[in-house]
Every structure is written in C-alpha cells, then in structure tokens.
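Presented below is the structure to which this report refers.
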Amino acid sequence: MFHPRAVRAYKLLLRPETGSTSMETYLLVSVGDGLDGANERIHGGFTCALLDQVFGFLVVQRLESSAPATVELTIRFKKPVRTPCVMLARAQIQEEGEGRVKVKGTVEDGMGLVYAEGEGTFAKPWVKVAKL
C-alpha cells in the first residue's frame with residue numbers, strides 16, 4: 001500500500017496515562033488519491049481498516065501480547081475524507097473482560113473534525129504452552 005498515490009507515510013504512537021493503567025494510541029497517516037472510492041474521497045473500507053489497525057495496536061500494547069482477533073467492528077461515518085490528506089486515528093480501551101477487550105476510537109483531521117467513529121471487540125490471544 002506504500003505508494004505516492006496511496007499510503008505515503010504513517011506513524012503509530014502510544015501515550016500511556018500517567019498514574020493509570022489506561023492508554024491511548026494514535027495512527028497518523030498521509031494518503032494520496034489512490035485510495036479513493038469516489039473522486040477526491042477516500043474509500044470507506046480504508047477508514048475501517050485504519051480503525052481496525054489502531055484498535056489492534058492498542059490491544060497488543062495493553063495486553064503485552066501478540067495480535068488479537070477482531071470479533072466485531074462498528075463504524076459510523078460522519079464526514080467524507082477528501083484526498084490527498086493527513087488523517088489521525090485514535091483509540092482508547094472501553095472495557096476489558098475475560099477473553100475480550102472493547103475499544104473505541106475516531107478518525108479525524110487532528111484539528112477537531114471527526115470523519116468516522118467506531119467501536120471494536122477483540123478476542124484476547126490465547127497462547128498454548130508446549131508440554132516438555
């Protein structure tokens with residue numbers, strides 16, 4: 001996907017909350033017009049993939065584990081994303097239970113305009129230890 005007309009650059013960032021177990025992740029991505037679903041508007045599937053990626057990264061960091069499996073992803077589109085542009089995806093843990101983690105987040109322009117918001121549920125990875 002790295003191409004001058006698609007994903008031009010991206011950076012994943014983690015911000016732990018001081019004195020707390022909560023944290024937030026950010027994905028900053030620069031895109032060209034090669035991911036458009038319509039003229040000068042990014043395809044909604046890319047927005048979904050962006051949220052899934054930042055959600056999964058947050059869960060990996062929170063659990064200090066391998067990649068979790070996406071169980072459910074709900075996205076609400078608020079505004080069209082005009083391309084080319086730089087987008088900011090952010091994610092926070094909503095709830096952590098036995099076997100599952102719920103996450104919420106947004107895709108925005110970084111200046112307050114929200115393009116999409118969503119929630120995701122992820123299955124905690126279960127690693128089987130080999131018997132010796």
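From the list LEU132, LEU73, pick out the single residue that is over 19 Å from MET23 (Cα atoms) and modelled with pLDDT of 95 or more.
Checking each option against the conditions leaves just LEU73.
Results for (1) more than 15 Å from ALA91 (Cβ to Cβ); (2) assigned to a strand (DSSP E or B); (3) not hydrophobic (A, V, I, L, M, F, W, C), shown as yes or no for each residue.
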site	(1), (2), (3)
LEU12	no, yes, no
LEU27	no, yes, no
GLY45	yes, no, yes
LEU50	no, no, no
GLN53	no, no, yes
GLY56	no, no, yes
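Considering only region 21-45, state which residues are crowded, with 17+ Cβ neighbours inside 10 Å, closer than 14 Å to TYR10 by Cα and among the hydrophobic types (A, V, I, L, M, F, W, C).
Answer for region 21-45, where residues must be crowded, with 17+ Cβ neighbours inside 10 Å, closer than 14 Å to TYR10 by Cα and among the hydrophobic types (A, V, I, L, M, F, W, C): LEU27, VAL29, VAL31.
Filter region 66-80 for residues that are out of contact with any Leu (no Cβ under 9 Å at 6 or more places or on another chain) and either assigned to a strand (DSSP E or B) or within 20 Å of LYS104 (Cβ to Cβ) (or both) and give the result.
Listed by number, the residues that qualify are ALA67, PRO68, ALA69, THR70, VAL71, GLU72, THR74, ARG76, PHE77.
Just wondering, is there one or more residues in region 97-110 that are at pLDDT below 95, surrounded by 20 or more Cβ atoms within 10 Å (Cβ to Cβ) and either in contact with a helix residue (DSSP H, G or I) (Cβ under 7 Å, 6 or more places away or on another chain) or closer than 20 Å to LEU12 by Cα (or both)?
Within region 97-110 (the criterion being at pLDDT below 95, surrounded by 20 or more Cβ atoms within 10 Å (Cβ to Cβ) and either in contact with a helix residue (DSSP H, G or I) (Cβ under 7 Å, 6 or more places away or on another chain) or closer than 20 Å to LEU12 by Cα (or both)), the answer is yes, since at least one residue qualifies.
Need the failing condition index for LYS102 against (1) without any contact (Cβ under 8 Å) to a residue 40 or more places away in the chain; (2) more than 15 Å from THR25 (Cβ to Cβ); (3) assigned to a strand (DSSP E or B), just the number.
(2)
Where residues in region 81-95 are surrounded by 15 or more Cβ atoms within 10 Å (Cβ to Cβ) and in a strand (DSSP E or B), which of them is farthest from the chain's Cα centre (by Cα)?
Residue satisfying both the conditions and the ranking: CYS85.
The values are calculated or read from the model by the stated rules, or taken from the named source; none is laboratory data. Not measured: the values here are computed from a predicted model. Reconstructed Cβ throughout: ideal geometry from the backbone, glycine too, with neighbour counts over all protein chains shown.
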